[in-house]
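One structure is given below, encoded as structure tokens.
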Amino acid sequence: MPPAMWQSVLDAYRERIVDTGRQPLFLLLAGLISSFLFIRFSVRMIRRGTSWWPGNVTPGGLHIHHVVFGQGLMVICGVGAFAVRGDTGALHNVLGFGFGAGCGLVLDEFALVLHLEDVYWSEQGRKSVDAVILVVAFIALLLLGELPFGGFERGLNAGQLVVAGAVLLLVVVCLVKGKIWTGLLGVMFWPLAAVGAVRLARPRSPWSRWRYRSRPKRMARAERREASFHRRLVAAKTAVYDVLAGTPDLSPEPVVVPEPEPFEPYVPPPLPAWRGRCAGVAEWYLRIATLLNFAAGLIAPFRDQVHRANSGEFFTPVLMTAGFTAALFAGLLAVMLRRRKRAAWIVATVVVALYGGVFALALAALPDDRAHPFNWVSAGLTLAVLAALLLSRRAFHAKGGPGNVVLGLAVLLLGGAAVTGLGAALVRATYAGPPPDWGDAATYVGFRLVTLSGIVEYVDLDVPSWVDLTLNSLGAALMLLTLRVFFRSARAADAFGPEDEQRLRALLERHGARDSLGYFALRHDKSVCWSPSGKAAVLHRVVNGVALASGDPLGDPEAWPQAIEVWREQARAHGWVLAVTGAGERAGEAYRRAGLRALELGDEAVVETDGFTLEGRSMRTLRQTHNRVGKAGYRAVLRRHRDIPPEELAELVRLADAWRHGRTERGFSMALGRLGDPADGDCLLAECRDEDGRTCALLSFVPWGAHGLSLDLMRRDRESDNGLVEYLVTELLLRAHAGELQVVRLSLNFAMFRYVFERGARVGAGPVLRLLRAVLRFLSRWWQLESLYRANAKYQPQWEPRFLLYEKSSELPAIAVANGLAEGFLTRPRLLRPLTRSGAAADAARPEAGSTE
């Protein structure tokens with residue numbers, strides 16, 4: 001390069017970078033690019049196995065990823081940049097370069113942090129390169145003088161807010177149209193967002209699903225553009241990435257599962273799309289009101305402004321009140337409207353109509369209120385929400401339980417009176433001066449139950465802040481209880497009857513070998529949804545508003561989609577949340593095709609009897625336990641239920657109930673819920689008797705096809721020798737291996753989060769996995785999650801993954817609570833619990849401690 005050109009470059013650098021104070025930012029960008037290129041070169045040399053290159057950093061066998069070094073650089077340089085004082089331009093430049101180098105190392109393993117597993121050389125690892133390029137583009141635009149959302153160089157004013165809002169709208173449109181890069185870069189360079197917003201959406205984007213479904217020509221244009229332009233762009237991008245970051249490893253070809261025959265169940269005619277949009281408007285308004293109410297409750301200046309608006313000549317829109325109770329009320333209404341519950345629609349419509357009537361009356365009768373444009377805006381928003389609710393009435397079809405309205409009103413009135421009286425007494429007792437009369441105290445409490453600061457100003461009533469907090473907590477609890485009663489979901493249909501049970505047992509005879517949990521579908525607390533052909537069924541139980549199915553559907557897999565669709569339609573009609581716990585891989589795929597998402601929940605321990613042996617070092621502990629118990633004089637008695645005399649079986653049921661020691665029964669997905677039923681004659685009972693012939697422990701297994709067993713119930717006399725359960729399981733496996741029993745496989749307990757305990761204990765486990773393992777070990781003090789995994793691992797089983805299926809991520813907390821209630825990990829508080837026998841009606845489940853009782 002000629003000297004004159006060098007000088008012009010240096011002059012431009014000094015003018016645009018140094019003199020404007022952007023040199024630290026420029027050096028940050030240089031450090032980021034340099035570290036990214038260096039580490040990519042390094043890992044490619046390591047991948048090739050170059051002998052002269054240093055290789056990975058593995059002290060003590062622990063592989064330290066370079067994201068750790070990047071985090072250290074970022075912390076040191078970031079803290080240093082804040083710590084230095086005075087005119088230290090050179091030091092700031094060094095710290096900026098170091099911070100950029102740390103960013104490059106961290107962003108190069110962005111995919112590792114995102115997926116929490118090493119996907120560096122997979123297709124998923126390309127997200128790291130995307131992150132680096134995006135950050136580099138953002139910093140480069142900042143160096144060129146571009147600011148996000150149009151810039152805020154001279155302070156904040158109304159014009160800049162309007163421009164920022166317009167740019168944000170363009171960016172959101174780009175993202176909804178599936179143009180991720182265009183939208184994100186449009187934050188810095190708004191013309192790019194404008195171009196992306198006016199052009200056609202990508203075929204698989206949300207915009208296409210919403211707008212192009214009724215416009216086939218536009219969808220066809222979008223698909224042609226995708227084929228002619230975007231695919232070429234993706235191919236070019238892939239080639240550049242291969243040169244820049246290396247070619248990813250080839251992933252194995254996925255197993256192609258044949259698609260079942262298409263089935264179109266009968267459904268009512270769909271509602272017009274505009275009615276659904278109106279329902280969405282009302283739902284989103286309530287969500288925004290919830291956020292604003294919470295913000296007003298937490299932020300004092302905002303709360304004071306809302307208070308002044310509500311107490312003066314202004315009024316805010318419906319449910320825009322500075323109070324946690326109002327926030328809770330609006331939030332629950334939004335959740336129930338999303339589930340399309342008719343009761344939520346009635347409550348929301350009544351509340352909004354009352355607000356609208358009051359606003360209309362105020363605007364008509366009070367000239368001072370009419371003089372403020374803000375009041376007209378509030379009234380207009382309220383009437384718009386009311387119109388949206390009225391127009392979307394047909395969209396809310398889910399019915400609640402019978403008697404919800406009467407019971408809810410009774411809870412509200414009686415509970416409100418009790419809370420008001422209790423609060424008034426508390427106010428009088430804690431008042432600093434002479435106690436106010438009961439009327440003033442009760443009125444104060446009533447307003448505190450509605451808003452955080454009250455609508456009426458009480459100059460002479462100054463109570464401690466903890467009293468106000470207590471009153472609001474009581475109000476929130478009362479509101480939650482009332483809404484819980486109002487919005488209770490209808491209970492499921494009656495449990496299946498004798499005819500259904502016969503049909504289900506016929507399905508198990510033909511298809512029971514597919515799923516080890518199939519026999520547990522015969523629990524008497526489940527409802528059944530049959531496919532139209534009768535060849536398959538989904539069994540579920542409604543718990544806390546969640547239609548909770550367990551295991552795989554029964555019957556022919558070709559008919560599973562029909563049964564699943566019937567189950568989904570029934571759940572929609574009642575406003576239930578859909579969930580499946582303990583599904584296998586094939587059933588998980590069927591549920592996924594029906595619109596559910598999958599989450600690995602744990603693993604089921606399955607032992608093949610042909611390969612079972614006590615020989616070898618890995619079986620030493622189990623072998624010693626088996627020998628010790630046998631030498632102590634214990635022996636195992638294995639019989640089918642039908643071969644046990646009725647009087648003896650009744651005595652065994654009594655022992656099983658007594659050994660439970662009154663603890664809450666646990667089990668749903670892998671528990672039959674009964675013992676000693678004559679219909680379960682094919683079940684196998686294993687007894688452990690001492691040298692005097694006294695029964696000290698018993699196990700019950702349900703059939704798994706013709707030649708398999710699945711563990712159902714375990715009970716042990718706690719005063720007897722430890723290790724009896726291991727002895728019984730080992731005896732069963734040894735006798736089956738010797739041919740004394742026609743059993744080829746045995747399903748043991750289900751180990752939740754087994755992969756966390758197993759992988760978290762390995763050398764090189766990441767910090768997140770180790771933290772999760774530590775949390776689960778802490779929870780195991782009550783629920784014994786780890787001990788159950790350890791007890792199963794003694795038998796060297798095969799681990800079969802089991803999945804949790806759900807529709808929306810926001811429903812996972814409700815599903816977790818319902819699953820905990822069904823399995824017995826959580827219990828509802830009751831004043832009186834019914835006493836039942838485990839042999840007749842109680843849910844006899846697997847113990848929480850596995851074989852280490």
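The values are calculated or read from the model by the stated rules, or taken from the named source; none is laboratory data. None of the values given here were measured: they were computed from a predicted structure. Backbone-built Cβ (ideal geometry, glycine too); neighbour counts: all protein chains shown. Remember, those area values only see protein heavy atoms, side chains included, never the ligands or the DNA or RNA. Shrake-Rupley method; radii C 1.70, N 1.55, O 1.52, S 1.80 Å.
Structural remarks
- In the range 485-544, the convex hull through the Cα atoms has an average projected area of 4.9 nm², a quarter of its surface area.
- Neighbour cut-off at most 16 other Cβ (10 Å), DSSP loop, chymotrypsin sites (Phe, Trp or Tyr not before Pro), the range 567-600: none
- Cα-based shape type of the range 702-753, given that a ≥ b ≥ c are square roots of the gyration tensor eigenvalues and the cut on a/c is 1.5: oblate
- Over the range 563-620, the pair-distance histogram of Cα-Cα distances with 10 Å bins from zero comes to 17, 35, 19, 15, 11, 3 percent, rounded to whole numbers.
- Rounded to whole numbers, the Karplus 3J(HN,Hα) couplings from phi for the range 197-209 are 6, 8, 8, 5, 7, 6, x, 9, 7, x, 4, 5, 5 Hz, using 6.51 cos²θ - 1.76 cosθ + 1.60 with θ = phi - 60°, and x at Gly and Pro.
- The range 689-730 shape via C-alpha gyration tensor axes, a/c threshold 1.5: prolate
- Electrostatic dipole magnitude of the range 625-780 [Cβ: Lys, Arg +1; Asp, Glu -1; Cα centre; debye, to 20]: 1000
- Rg over Rh for the range 546-595 works out to 0.94, using Cα positions for both radii and the Kirkwood form for Rh.
- Estimated vicinal HN-Hα couplings, Hz - the range 767-774 in sequence order (Karplus 6.51, -1.76, 1.60; Gly, Pro = x): x, 5, 5, 5, 5, 5, 5, 5
- Between the residues Gly588, Gly575, Ala598, the greatest Cα displacement towards the positive end of the dipole of the range 563-609, with unit charges on the Cβ of Lys, Arg, Asp and Glu, is found for Gly575.
- Backbone geometry of the range 513-519 corresponds, through the Karplus equation with coefficients 6.51, -1.76 and 1.60 at θ = phi - 60°, to 3J(HN,Hα) couplings of 6, 6, 9, 5, 9, x, 5 Hz, x marking Gly and Pro.
- Cα gyration tensor, the range 520-572 - rounded (a/c under 1.5), prolate or oblate: oblate
- Computed over protein heavy atoms with a 1.4 Å probe, the carbon and sulfur contribution to the accessible area of the range 524-582 reaches 46%.
- Partners for Lys341 among lysines (Cα-Cα distance below 30 Å; same-chain residues under 8 apart left out): Lys399, Lys526, Lys808
- Rolling a 1.4 Å probe over the protein heavy atoms of the range 12-66, with every protein chain left in place, gives an accessible area that is 60 percent carbon and sulfur.
- Under the Debye formula (equal points on every Cα, no solvent term), log10 I(q)/I(0) of the range 507-649 at q = 0.12, 0.14 Å⁻¹: -0.67, -0.80
- Three principal axis lengths of the range 591-710 [C-alpha, angstrom, descending]: 58, 42, 32
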